[in-house]
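All remarks here apply to the structure that follows.
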Amino acid sequence: MMPDLGDYAATVLGAWGATLLALAGLLALTLVQSRRVARALTEAEARVAQAKAAGAKA
Amino acid sequence: MRLSRRVLPWIAALAGLSLGIGLIWGFFFTPDDYKQGSTVKILFIHVPAAMMAINAWIMMLVTSLIWVIRRHHVSALAARAAAPAGLVFTLIALVTGALWGQPMWNTWWEWDPRLTSFLILLLFYLGYIALWSAIEDPETAADLTGILCVVGSVFAVMSRYAVKFWNQGLHQDSTILKVGEKDPLDVAYYVPLVICLVGFVLFFILIVLLRTRMLIRARRLIALEARERLG
């Protein structure tokens, strides 16, 4: 299945490996940051809603 | 936000599909070049990354201009969201270019017009990201990064057309659009390369959508926290 890359195997595999790693890293970083911000926003919205409800009771 | 949430899974699926098909086809099912041997397989990652490095900056320029002219907040955030993707594409283009250049040109690096303008473009991406992080007021940051974007566009355009401006250096001119002309890209590489190009474009759109949504949420979060502090 693996093509014969001859003398350039290290060059070709290095280039492809670095590229796939960089693209996967960018996607993973984006997803992790997005989830972190979404969670923090949900928590902040809940706190604000709670404070509003407490204010309305008082 | 509602529209982007609806299209995100489609973009992700199409990006995955086209990248999967294009990269597998390019790596496993294309022949070696009679001159370059198996290093020709670097074409399928180097060319799309280089094209997207330039196109990302052009997209940032357009959205920055929309911000400057119309004060549309989401366009400023979209420009900011595109920068890390552009930086990664530029890095990929430079690294894969160096790896490809070593066996073909016998050097990792040459102060050739296209290579040099790409290196300057990389520095502009780093400067752009740093400037956004350094300025606290989002409107001032959007204004100043917009100006930086206009200046950097010179190098984005130069990195595409440098080969045509200066008929010197090691880097060859593009052969993708030379069908029917002298020395075109062989048809065996053409179709998988086009699929890879589509995949990289869709991947870029996916990252920009995800990051823009994140930046909009982050801005809402800052506003909520400020309101909380004020009581």
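The values are calculated or read from the model by the stated rules, or taken from the named source; none is laboratory data. In this text the structure is predicted, and so the values were computed from the model without any measurement. Cβ sites come from the backbone with ideal geometry, for glycine too, and all protein chains shown count toward neighbours. Surface accessibility is based on the protein's heavy atoms, side chains included, excluding ligands, DNA and RNA. Shrake-Rupley method; radii C 1.70, N 1.55, O 1.52, S 1.80 Å.
For chain A, the pair-distance distribution built from all alpha carbon pairs, in bins 10 Å wide starting at 0, is 19, 21, 17, 14, 12, 9, 6, 2 percent.
For the stretch B:80-138, the Cα gyration tensor yields ellipsoid semi-axes of 29, 11, 7 Å (square root of five times each eigenvalue, largest first, whole Å).
Which angle from 0 to 90°, rounded to the nearest 10, does the C-alpha axis of helix A:9-57 make with the longest principal axis of chain A? That helix lies at roughly 0 degrees to the long axis. The accessible surface of chain A, taken with every protein chain in place and a 1.4 Å probe, is 63 percent carbon and sulfur. Under the combined filter of DSSP loop state and at most 12 neighbouring Cβ atoms within 10 Å, the stretch B:52-141 retains these GluC sites (Glu not before Pro): B:E136.
Solvent-accessible surface of the stretch B:116-164, taken per residue with a 1.4 Å probe and all protein chains present: 46 Å².
Packing here is the average count of other Cβ atoms within 10 Å per residue, and on that basis the peptides A:16-27, B:91-102, highest first, run B:91-102, A:16-27. Between chain A and chain B, the total buried accessible area stands at approximately 3000 Å², from heavy atoms with a 1.4 Å probe. Peptide B:102-114 is shielded by partner chain Cβ atoms: per residue, an average of 1 of them sit within 10 Å of its Cβ.
Using alpha carbon centroids, what distance separates the stretch B:37-105 and the stretch B:211-231, in Å? Here the answer is 29 Å between Cα centres.
Normalising the average separation of contacting C-alpha pairs (under 8 angstrom, six or more residues apart) by the number of residues puts the relative contact order of chain B at 33 percent. Between the beta carbons of A:M2 and B:R6, assuming R0 = 25 Å, the FRET efficiency works out to 0.05 to the nearest 0.05.
Applying the criteria of a DSSP loop state and at most 11 other Cβ atoms within 10 Å to the chymotrypsin sites (Phe, Trp or Tyr not before Pro) of the stretch B:34-69 yields B:Y34. Largest first, the extents of the alpha carbon coordinates of the stretch B:1-158 on the three principal axes equal 54, 41, 22 Å.
Of all the options B:G16, B:G37, B:G127, the one that moves most in a Gaussian network model of chain B with Cα springs shorter than 10 angstrom is B:G37. The Cα-based radius of gyration of the stretch B:1-61, divided by its Kirkwood radius, gives an Rg/Rh of 1.13. Measuring r between the beta carbons of B:D33 and A:A18 and using R0 = 22 Å, the FRET efficiency lands at 0.60.
Normalised radius of gyration (Cα atoms, divided by 2.2 N^0.38 Å) for the protein assembly as shown: 1.16.
For the stretch B:33-168, the carbon plus sulfur part of the accessible surface works out to 67%, probe radius 1.4 Å. Over all other residues within a Cβ to Cβ distance under 15 Å of B:A56, the charged ones net out to +3, with Lys and Arg as +1 and Asp and Glu as -1.
Going from the isolated chain to the complete set of protein chains, the stretch A:13-51 loses at least 50 Å² of heavy-atom accessible area (1.4 Å probe) at A:A15, A:W16, A:T19, A:L23, A:L26, A:L27, A:T30, A:V37, A:L41, A:V48.
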